[in-house]
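All remarks here apply to the structure that follows.
The values are calculated or read from the model by the stated rules, or taken from the named source; none is laboratory data. None of the values given here were measured: they were computed from a predicted structure. Reconstructed Cβ throughout: ideal geometry from the backbone, glycine too, with neighbour counts over all protein chains shown.
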Amino acid sequence: MATARPAPRRATFYLAVALQALFLLTMAGFHLFTLRTGERVLLKTQPVDPRDLFRGDYVRLSYEISELDAAKLAPPGASFQRGDAVWVLLERGQPHWQAVRVSTERPVPAADQVAVRARVRYHHTLAPREERPADRAPDRPGPPPPPRPAAALGLAYGIESFFVPEGQGRALENRPDRRINLEVEAAVDRFGNAAIARVLLDGQEVRFE
Amino acid sequence: MTAAGQQRWLEAEIAAWEAEGLISGEQARALLARYRARRDAGQHGRLVGTLAVLGAVLVGVGVILFFAANWERIPKFVRVAAILAAMTASYAGGFELSAGRRYPRAGRALILLGALLFGAGIWLIAQIFHLEAHYPNGLLYWAGGALLTALAARSTPAAILGAVLLGAWTLFEQADFGRPNLAYPALAALVALPIAHRQRSPVAAAFSLAGMPIWAAANLLRWSPGDEETGMLLAGVTALCFGCAYLALALWRGAATASALTGPRGAVPWPLAGATFALAGAYLLTFGWRETRWMGNVTADLWPWLRASAPALLLLGTVAAIAVTGLAVAHVRFWRARSAGEAHDATAPWLAGAVALLLLSAAALLFPGADAYRPIAFNLILFLAVIGTVAAGYRSRAAGWINLGLLVFAVDVVTRYFDLFWSLLDRSAFFIGAGLLLLVAGGLLERGRRRLLAGLNDPGVET
């Protein structure tokens, strides 16, 4: 004869529920804290295909500060490995914030500066070269991109994904541009964490409804 | 009989009692009025209950639609609060319903819904805040929540969900990111399987038992030279080793008792999982690749790589060592029990011998020069293993084993029919010979089955 299973204990069960709720709150809480308390910085993105924005799911964003010239901005003799945690000092510009220094030590920001955490994606030492016409993708009209820096340091700030609800983003669907320039207003808190606060197109916030 | 039917019966009986003079007309009218009032009250109550449920469903759907239509307009913290409220309400409602013992099924369903809402919460919060994260981690956290719920609520559906999510986690880590994900077998063996055992859920256990050989094969395939033939050989050897290890563990646990194959009801299905993977592995090793590699160099390519690859040797060696250790322990226990005159499963030594043979075959046929003999040898081994599986199923009255053996037999027959490994004449000879052997075996089994049926009602026969 099968024995009846013991009933679950109320305290244990609600403790398990509380732990799960705490996990979700922590996930949200960290970013709410950053959005509420962080300094707002306006960043310029690399051109984005508008079709990506109404396809739905995540759009990959890349910023001007996603690749830095380590030869100019890093301390002499600094070396970086993939996965290293670094600090980037951003300075207010007109209108976009620019990177002025990158280091493994946390800098002390002055007025109109913020220090943001990043992770190294790659570190290439390159000989400068001129762009050849064949290097440019055929669907990229416009001025040629700037030449690659001599020591390219690729960084990720944790704000490279932007979620667009599927089927939305119609405001961007009929634009004649093959690529569009978005600006991202990010919040950077005192611990150096960054979060996307707003996405702007032509100075106006892009709203998805 | 339904309430309406009872009412009609009662009214007919009251009429009959009045006709027979057992009750007066006034008493008959009083009885009818009493029970009609009760019926009307009951019907009214059921109507109210039904309307309440429908109303609740409509409100719930409306709330969901409201949130969906206005999701982007709702402030972030309100969205987070809504997610938390939905998850907590589902969990609390589920626990209270199942604790009250009146609606246990509804309660268990709500607890599972709570676990699902935890996962939905992870993804929704990631979307709300545009979190850039290594997305398989979301599956890992979700699995953690589901397994925690399974432990705390003693929920079998949550245990199954947790095992499935762990498998999905390692699948994406290995396939999309090329990571070996060494944490998976530890989590599956030390967390998910014990929870499945505690819940007495073979389904939950099956996902973990299946996940480990698949995890191992995926890593070996990624590390290996990487063509189709070596991949198939590696997958076959991996499945075979894991199958033998599971069978050995089953024998280790149950060698001295009856029914080593079936085990107690609801337990982790070590034996059946072991048989499944052993047969699957043997099946994968039956192919000869006549067009591309006949008399060719599959093992000649594979063996040097295997010797040089410490991770691969360690992985396969560990699994094989578990299998060998389990067999040794099972043998020692079996002979001790037999010497002491205690109850023992006579199937155990046969099964242990079969497992040892499979392991030795796998080891021998990995060496160079074995390509010419491997397909023939494993076709024979698979054929004998299928017969053994079905026979073991009959002996232990394990329907799962019989079905497994017959399924593998059917797949093997169809495969061999179309397999170009042999010439038509060779194939026909194989089928005729195998068919005759099975007919003889079938006749013997039928005699045994009739004897079994004759003794079926004997109280001394263990079920």
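Couple of notes before you dig in:
- Filtered residues of the stretch B:102-154 (kept if over 20 Å from B:V191 (Cβ atoms), charged (D, E, K, R) and out of contact with any Gly (no Cβ under 9 Å at 6 or more places or on another chain)): B:R102, B:R105
- Test: residue in the stretch A:49-63 that is under 21 Å from A:R119 (Cα atoms) and at pLDDT 90 or above: yes
- Reported count of residues in the stretch A:26-42, each being assigned to a helix (DSSP H, G or I) and either touching a residue at least 24 places away in the same chain (Cβ under 8 Å) or more than 7 Å from chain B (Cβ to nearest Cβ) (or both), is 9.
- Test set (1) more than 21 Å from A:L19 (Cα to Cα); (2) part of a helix (DSSP H, G or I); (3) touching a residue at least 12 places away in the same chain (Cβ under 8 Å); (4) not polar (S, T, N, Q) - B:L161 fails condition number: (1)
- Index of the failed condition, A:A134 passing every other in (1) modelled with pLDDT of 80 or more; (2) exposed (fewer than 14 other Cβ atoms within 10 Å of the Cβ); (3) not in a loop (DSSP other than H, G, I, E, B): (1)
- Of all residues in the stretch B:128-146, exactly one satisfies the criterion of being touching a strand residue (DSSP E or B) at 6+ places or on another chain (Cβ under 6 Å) and either modelled with pLDDT of 90 or more or of a type in the set (D, E) (or both), namely B:E132.
This table checks each residue for (1) modelled with pLDDT of 90 or more; (2) of a type outside the set (F, W, Y).
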position: B:R108; (1), (2): no, yes
position: B:L148; (1), (2): yes, yes
position: B:G162; (1), (2): yes, yes
position: B:F177; (1), (2): no, no
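- For the stretch B:127-137, the criterion of being part of a helix (DSSP H, G or I), more than 10 Å from chain A (Cβ to nearest Cβ) and crowded, with 19+ Cβ neighbours inside 10 Å is satisfied by at least one residue.
- Residues (of a type in the set (S, T, Y) and more than 12 Å from chain A (Cβ to nearest Cβ)) located in the stretch B:138-176: B:T170
- Flag for A:L19 being modelled with pLDDT of 85 or more and away from chain B (no Cβ under 13 Å): no
- Every residue from the stretch B:89-104 that is within 9 Å of another protein chain (Cβ to nearest Cβ) and in contact (Cβ under 8 Å) with a residue 12 or more places away in the chain: B:Y91, B:F95, B:S98
- Here B:S208 fulfils each of the conditions (1) within 13 Å of the chain's Cα centre (by Cα); (2) hydroxyl-bearing (S, T, Y); (3) within 27 Å of A:I196 (Cα to Cα) apart from (3).
- Test: residue in the stretch B:395-413 that is farther than 18 Å from B:A280 by Cα, at pLDDT 70 or above and not in a helix (DSSP H, G or I): yes
- Of residues in the stretch B:85-109 being among the aliphatic types (A, V, I, L, M) and surrounded by fewer than 21 Cβ atoms within 10 Å (Cβ to Cβ), the one farthest from B:T156 (Cα to Cα): B:A85
- Of all residues in the stretch B:381-400, those that are on the phi > 0 side of the Ramachandran plot have Cβ atoms under 8 Å from Cβ atoms of residues that are surrounded by 19 or more Cβ atoms within 10 Å (Cβ to Cβ), 6 or more apart or on another chain, in B:R397/B:T262.
Every residue, every condition in (1) at pLDDT 90 or above; (2) charged (D, E, K, R), yes or no:
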position: B:A189; (1), (2): yes, no
position: B:W223; (1), (2): no, no
position: B:E229; (1), (2): no, yes
position: B:M232; (1), (2): no, no
position: B:W252; (1), (2): no, no
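- Unique match (being exposed (fewer than 14 other Cβ atoms within 10 Å of the Cβ), at pLDDT 70 or above and within 29 Å of B:W252 (Cβ to Cβ)) among B:L284, B:L313, B:L357: B:L313
- Criterion violated by B:G60 - all others in (1) closer than 30 Å to A:R9 by Cα; (2) at pLDDT 80 or above satisfied: (2)
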